[in-house]
Structures are given as C-alpha cells and as structure tokens.
Ligand SMILES: [Zn+2]
C-alpha cells in the first residue's frame, strides 16, 4: 500500500517549492512553512501553509483545512458566500494548534467551475434560482472540485491521517477515497449575512453540509 502512495505522489505532483512565509494574522506575526505545488496540468496549483508549534510531538495528528479558492470571498470579503469567514476561522484554529495545515486550492474557484461561470451563476441567483439550480441552468456541474492534489500534498507532508476542518461531508469522503485517513471532522461555524442566508440553506438542504 505504501509503495502505491509513493507512486501516485510522483505521478500527480510535477513541481514543488518551499519557503518560510511570515504573515500578519489578527495583529500578530506568524511564521509559516509555505509549500507550493503544481500538478501534471500547469493550472492545477496549490499552496500549503504549515504551522508547527515548538516541541510538538511527532505523532500529533494535524488539524487540516482544504480551502477552495474564492476571489470574491477570500480577497474582497463578499457577503454572498461564507468563504472569507471560513478561511479566517480556519486560520485562527490552524495557527493556535500544535500542528495545523491550510491547503489552498485556487483552481477550485466557484466549486471548480471557474470565475466566469460563478459570476454567471450569481446573476441567475439574482433572478431567484438557488446555487444548485443556477449551475444546472448554465450547464456547469454542481460541484466540479477534485481532491487528488490535496491528498497527494498531505502524503508529501507525511500526513496520511488528519483532523479535517470542514462542514462538507463530500470533502471528507473525497479525501478518504484518495487514501487519507480522516480521523475527525471538525465543524466550522460562521455567522450568516442577509446575502448568504439562501446560499447556506442550499448547502445544508441540497448538499448535506453540517451547518
Ligand atoms: Zn466564496
């Protein structure tokens, strides 16, 4: 089994690079181990940010967030989704736990359908469709995200077992299907806004999120 894992890491990760990245988070400076990865397709890139407290035991199971990139939410703090609030909550947990990892996947924009399709779907939602039906209307998959690169990154980091920060049972299942042992699903709670109430309700009712 172990040799299979090594083989698939070699297949899926074409390039990686590493540096120390100091960040400012909620008024304090945090040093993170930053690793960038590129899959076989050049647009499939990811950033892993690793926080490790001093004197951490080697058998500590890492707390991991696999975060789908969202330009409108993560960068501009859009109120139409809860991505920014989830990212902040995840960074808070990750930087205050013995071993915490954020895997950021920019190519997951709009649940994997890209920025243009996401904005087209927003326009349809303004006409009354929910997030699932809007994607069906534009002929895009409801969720096109794949987690193979994230799983390979975890193997590369020597983390085959994780505690996953997520409300999304499909994400847990997807990582398990790639061979990652998810020993615990840790929920993230965020406050709804008037703009994302329906988005969150659709996640809960139609996509089985634990909200
Ligand atoms: Zn978002």
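Report yes if residue 44 is over 24 Å from residue 183 (Cβ atoms), away from the ligand (no atom under 14 Å from the Cβ) and surrounded by 14 or more Cβ atoms within 10 Å (Cβ to Cβ), otherwise no.
Judged against the criteria, residue 44 is a match.
I'm trying to understand the selection: among the residues of the range 164-178, which are crowded, with 20+ Cβ neighbours inside 10 Å and in contact with a strand residue (DSSP E or B) (Cβ under 8 Å, 6 or more places away or on another chain)?
164, 165, 166, 171, 175 - these are the residues of the range 164-178 that are crowded, with 20+ Cβ neighbours inside 10 Å and in contact with a strand residue (DSSP E or B) (Cβ under 8 Å, 6 or more places away or on another chain).
State whether the residues of the range 143-160 include one that is farther than 21 Å from residue 36 by Cβ, in a loop (DSSP other than H, G, I, E, B) and touching a helix residue (DSSP H, G or I) at 6+ places or on another chain (Cβ under 6 Å).
Looking for residues that are farther than 21 Å from residue 36 by Cβ, in a loop (DSSP other than H, G, I, E, B) and touching a helix residue (DSSP H, G or I) at 6+ places or on another chain (Cβ under 6 Å), one finds at least one in the range 143-160, hence yes.
From (1) under 30 Å from residue 202 (Cβ atoms); (2) surrounded by fewer than 18 Cβ atoms within 10 Å (Cβ to Cβ); (3) without any contact (Cβ under 8 Å) to a residue 24 or more places away in the chain, pick out the condition that doesn't hold for residue 71.
Status for residue 71: all satisfied but (3).
Can you tell me which residue within the range 64-82, out of those that are more than 8 Å from the ligand (Cβ to nearest atom) and in a loop (DSSP other than H, G, I, E, B), is modelled with the lowest pLDDT?
The residue in question is 79.
So residue 108 ticks every box in (1) in contact with a helix residue (DSSP H, G or I) (Cβ under 9 Å, 6 or more places away or on another chain); (2) within 13 Å of the ligand (Cβ to nearest atom) but one. Which box is left unticked?
Among (1) in contact with a helix residue (DSSP H, G or I) (Cβ under 9 Å, 6 or more places away or on another chain); (2) within 13 Å of the ligand (Cβ to nearest atom), residue 108 violates only (1).
The values are calculated or read from the model by the stated rules, or taken from the named source; none is laboratory data. Since this is a predicted model, take the numbers as computed values, not measurements. Note: ideal-geometry Cβ built from the backbone for every residue, glycine included; neighbour counts use all protein chains shown.
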